[in-house]
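Notes to accompany the following structure.
Each reported figure results from applying straightforward, stated rules to the coordinates on display, with no laboratory input. Being a predicted model, the structure only gives us computed values, none of them experimental. No Cβ is skipped: glycine too gets one built from the backbone with ideal geometry, and neighbour counts run over all protein chains shown.
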Amino acid sequence: MSNDVILGKTEYFPGISKISFEGTESKNVLAFRYYDENKVVAGKKMRDHFRFAAAYWHSFCNDGADPFGPGTRPMPWLNNSNPMQKAKDKLDAAFEFISKLGLPYYCFHDRDLAPEGKDVNESADNLKTLAVLALEKQKQSGVKLLWGTANVFSHPRYMNGAATNPDFSVVTHAAAQVKAALDATVYLGGENYVFWGGREGYFSLLNTNTKREIEHLATFLQKARDYGRKIGFKGTFLIEPKPMEPTKHQYDFDVATVVAFLNKYNLADDFKINIENNHATLAQHTFAHEIQLAADADLLGSLDINQGDPHNGWDTDEFMINIYDAVYAMLILLQNNGLGTGGMNFDAKLRRNSTDAEDLFIAHISSMDTLARGLLIADDILKNSKFLALRNTRYKSFDSGDGKRFEKGELSLEELKNLAVSLGEPAQISGKQEKFELLINQYIK
Ligand code: XLS
Ligand code: NI
Ligand code: NI
């Protein structure tokens, strides 16, 4: 099952070979302790529960530069001054890393894979050239594309937005980019296509017509959907909510907002939601809250795996190591039958002062093991504890009789009033939160 290691002309991570599973006794930081890809849990191989993916932008493009200083991390694949050669070297580094780690998938923005050209057509050609090379790498390694997307937020032309830009000519450029990115995604057999609207929002209501902008976004997505289906895209379109950053207010604020938007604009048959932990916390929600709401709406698409820092507000995109987040997420996924065409993309970056080649491996291994451990714990809880029974008991008054008739919509408000009279004052029923919490901790081992 494991991918073969794929090296280019240069080996960019020398001294690191294929990462293997060694079990919980191992103290080797370059081995898996929990993630055993072929181990069957809850009827499915671990590999298929997670469908882990590398994020091209953080792992192969980001050298640690921040607004206060330049990059710190040596990334020899970014040294060539010719942008197309640089993109090819980057592809070599990416597939070396992905195949050594044994990730089954990767994700990219158009501009991660290939540089912008001098005009729309040259940019599309650059992407095509790199897609041909990427397909070769996919074939050699068995690695697949989880999703593609277009970066319509970095170039200065998008400073006022992409699909929601008040200037129509900018909207056309965003469309051109999305078209080329969809072409590349379909060519590479991508299983999903993502829209993250980093600049789809506003800084000031004073200069913004929100109604028109949101309608433009909907029309744009409908046209992208129609084009994708026309060229044979069978996968899932995904919207990735985030409440803010870089824009002060982003239209795709959180899962609840996106659910309403997809339903209002008839997009819910083709689109689902890509949920990112740090975006959830930016919106004052937990990761589990967002996953649960999407699952309830039948719109759970895929996950961007990372975590924020509890002590500051912004999108720090740290590697997820919080075991509670993993357990809560896996509890929902197990009850929801998994992620469908989605997967788990490591939308996370190394700290600026993590500068050794092995650090990128350690970060991914740590996060993969956290989720694998979360899966094992969640499976144990669901199979061997009273967790679900306890929760269901809270709702047992709706399982039969008048409660059931209410659920079916068979009781009028007057009938409900009469029942209140005959039932009298309800007995006090404890919510048992502390018992639920204790139960979860009993299974974390
Ligand atoms: C940024 C987003 C971005 C998307 C893809 O905060 O997470 O990386 O996942 O455009
Ligand atoms: Ni993010
Ligand atoms: Ni993301």
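Results, tabulated for the structure shown:
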{"item": "Sequence ranges 317-323, 27-33, ranked by mean other-Cβ count within 10 angstrom, highest first", "result": "317-323, 27-33"}
{"item": "Pairwise FRET efficiency - Leu7 versus Ser354, Cβ, R0 = 30 Å, nearest 0.05", "result": "0.80"}
{"item": "Degrees between helix 168-187 axis and first principal axis of the chain (Cα, 0 to 90, nearest 10)", "result": "90 degrees"}
{"item": "Fewest-first sequence of Met46, Met159 by Cβ atoms within 10 Å of each Cβ", "result": "Met159, Met46"}
{"item": "Förster-model FRET efficiency, 22 Å R0, Phe168 and Ile231, C-beta, rounded to 0.05", "result": "0.35"}
{"item": "Spatial extent of the range 370-445: Rg and Dmax, with the Cα atoms as the point set, Å", "result": "17.9, 52"}
{"item": "Centre separation in Å (Cα based) which lies between the range 196-217 and the range 100-152", "result": "29 Å"}
{"item": "Members of Lys27/Lys383; Lys408/Lys432; Lys386/Lys445; Lys118/Lys139; Lys404/Lys432; Lys118/Lys230 lying beyond 19 Å, as alpha-carbon distances in this model show", "result": "Lys27/Lys383; Lys408/Lys432; Lys118/Lys139; Lys404/Lys432; Lys118/Lys230"}
{"item": "Glu437-Glu122 FRET efficiency (beta carbon distance; Förster radius 45 Å; 0.05 resolution)", "result": "0.20"}
{"item": "Set of the range 155-176 residues, backbone N closer than 16 Å to the point 7 Å along the Cα-Cβ line of Thr257", "result": "161-165"}
{"item": "Formal net charge of residues neighbouring His49 (Cβ-Cβ distance under 12 Å; K, R +1; D, E -1)", "result": "+1"}
{"item": "Summed residue charge, Cβ within 12 Å of Arg351's Cβ, Lys/Arg positive, Asp/Glu negative", "result": "-3"}
{"item": "Peptides 34-44, 172-182 ordered by average Cβ neighbours within 10 Å, highest first", "result": "172-182, 34-44"}
{"item": "More than 16 angstrom apart: percent of Cα pairs within the range 4-115", "result": "66 percent"}
{"item": "Met368, Met84 arranged by Cβ crowding within 10 Å, fewest neighbours leading", "result": "Met84, Met368"}
{"item": "Angle in degrees between helix 323-335 and the longest Cα principal axis of the chain, rounded to the nearest 10", "result": "70 degrees"}
{"item": "Relative contact order (%) - criterion: Cα under 8 Å, at least six apart; region: the chain", "result": "15 percent"}
{"item": "Charge dipole magnitude, Cβ of K and R +1, D and E -1 - the chain, Cα centre, debye nearest 20", "result": "640 debye"}
{"item": "Mean-position separation - Cα centroids, the range 287-336 and the range 45-67, in angstrom", "result": "16 Å"}
{"item": "Rounded to 5, the percent of DSSP beta bridges in the chain classed as antiparallel", "result": "20 percent"}
{"item": "Cα-based helix-to-principal-axis angle, 287-296 vs the chain, degrees rounded to 10", "result": "70 degrees"}
{"item": "Share antiparallel - DSSP beta bridges, the range 217-346, percent rounded to 5", "result": "10 percent"}
{"item": "Square roots of 5 times each gyration tensor eigenvalue, C-alpha, the chain, largest first, Å", "result": "39, 30, 19"}
{"item": "Residue-averaged 222 nm ellipticity for the chain, from DSSP H runs of 4+ at -39500 (n - 2.57), nearest 500", "result": "-14000 deg cm²/dmol"}
{"item": "By average C-beta atoms within 10 angstrom, highest first, the peptides 134-142, 272-280, 285-293, 308-316", "result": "272-280, 285-293, 134-142, 308-316"}
{"item": "Unit charges on C-beta of K, R, D, E only; dipole of the range 186-331, Debye", "result": "720 debye"}
{"item": "Dipole magnitude of the range 273-370 about its Cα centre (Cβ charges: Lys, Arg +1; Asp, Glu -1), debye to nearest 20", "result": "40 debye"}
